[in-house]
1. If you split all Cα-Cα distances of the stretch A:158-207 into 10 Å bins from zero, what percentages do you get per bin, shortest first?
2. Share of Cα-Cα pairs in the stretch A:217-267 beyond 11 Å, in percent?
3. Taking a point 7 angstrom from the Cα of residue A:292 along the C-beta vector, which residues in the stretch B:24-52 have backbone N less than 19 Å away?
4. Let me check the size of chain A from its C-alpha atoms; what are the radius of gyration and Dmax in Å?
5. How many nm separate the modelled label positions at residue A:102 and residue A:355, each set 7 Å beyond the Cα in the direction of the Cβ?
6. Extending each Cα 7 Å along its Cβ direction at residue B:44 and residue A:3, get the distance between those two points in nm, one decimal.
7. So between residue A:362 and residue A:446, what do we pick up on full extension, going 0.36 nm a residue minus the alpha carbon distance?
8. Under the definition of Cα pairs under 8 Å and six or more residues apart, what whole-number percent is the relative contact order of chain A?
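Read-outs: derived from the displayed coordinates by stated rules, not from any lab. If you're wondering where the values come from, they're calculated on a predicted model, not measured in any experiment. Cβ: placed from backbone, ideal geometry, glycine included. Neighbour counts: every protein chain shown.
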């Protein structure tokens, strides 16, 4: 057994131990299991929310994106920043309502706000469909990391099975508390590793950032700024705007709002999280450093760039430390996704749509039983999913973004949007996302008469516009009926 | 209202500003100009939101007692 493998194994065991230990002293009822009894302070809410950003996608995908595509990777940096600004005003009212009405999930929130269990079931289904590919992404990353850093001793399939077992064990037993404790370890590890790599690699190979970027600019002209076409400036603007709106709509991110002890936590975090976001910059630097040093990775393999460069640079034990950090970036978000998906199916699809009378205890029991089932589905897709999963992944973010108009409208003081409007808007938005993703449509194909600049606009904006339009029209129609009815009653 | 105007600045800087700085040279702090511009706005956002937090009367009432509950 190599030293790299030993270190990875040690950290996996540590994650399992911390996850299981988190249960101690708490009676795991539904509110404890899913939202930690609404007792988390600034630090833990911060870590749960920040934990969303530092997943395997950013660790492997962020560096791979910089390595393979160049400038377009910059979009990852600002979108969450803008989302944090929105969160200052958006999250406190959501939190207040959730606390007063004992809401534990996002569909639960919308169903309660619009007094429509049907809407809750719809939102839960959209959420689960969006979450499963996200879980698969974490498992895939896990497989790549362990296989690479164990120098081939462990196959990706074996790594995925072990990872799934660890996560299932602690989520079943400790719920969200297990994730919170592991977030602490994970963030410390990733902070240390990414800062070190992002500073050391450019210095070691190029003698600093400026020489590195000069070298890249000379070797690949145009690589470091947005191109005229494709991933252009227009693409950047529309994608940043769209993903900023979708950011807090992920059900597990939305649910982490409920774990807070008081609402001021969100307002304070809005100032701190953008700074934390800057760690991503160092992930970019790693990818850029790799682009001239380990060239030739193509297609999906660009995600390996960080590890290829690390293998070429460091001793096995340090590759093990990087691998352990990578494993944690897969396990922690993976556990939160599992937790969220299980709560959604048990609380919002089962209790919301099938068995209205189910007690909290029954729902909690079902949620726990579902954790291994969902993990198995995730592993199945990871091992046999093939290309379909890529399409699903692209859809996930656009799917949850479709919930934004309904959430925003529900916060208005005098609510004009009806549940029918919210329902129809979400259905229409999701339908447009599905069609555009499956047909790989671009705005330029649909509207060839548009000026060249606008053709690169993210097509997700079309889905969101259709969504809002349908929401307004259907609300207007159902509005008049309810108004007419109440008038008839008063007569 | 002033607070919201303040908070709108990063949106303007990031979304509307980038077309004007989409260049590599000159490097700023070793980074391509467009990347440095985005980074500057992320840092400014933190400063602006800290200021908003300070100025917002909603945060001025006495903090609720009780210490961090450990999960």
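1. Percent of pairs per bin, in order: 21, 31, 26, 16, 5.
2. When every Cα pair of the stretch A:217-267 is considered, 76 percent fall beyond 11 Å.
3. Within reach of a label on residue A:292, which here means backbone N under 19 Å from a point 7 Å along Cα→Cβ, the stretch B:24-52 contributes B:24-36.
4. 22.8, 84
5. 1.8
6. So the two model labels end up 4.7 nm from each other.
7. Fully extending the segment from residue A:362 to residue A:446 adds 25.3 nm.
8. Rounded, it is 30 percent for chain A.
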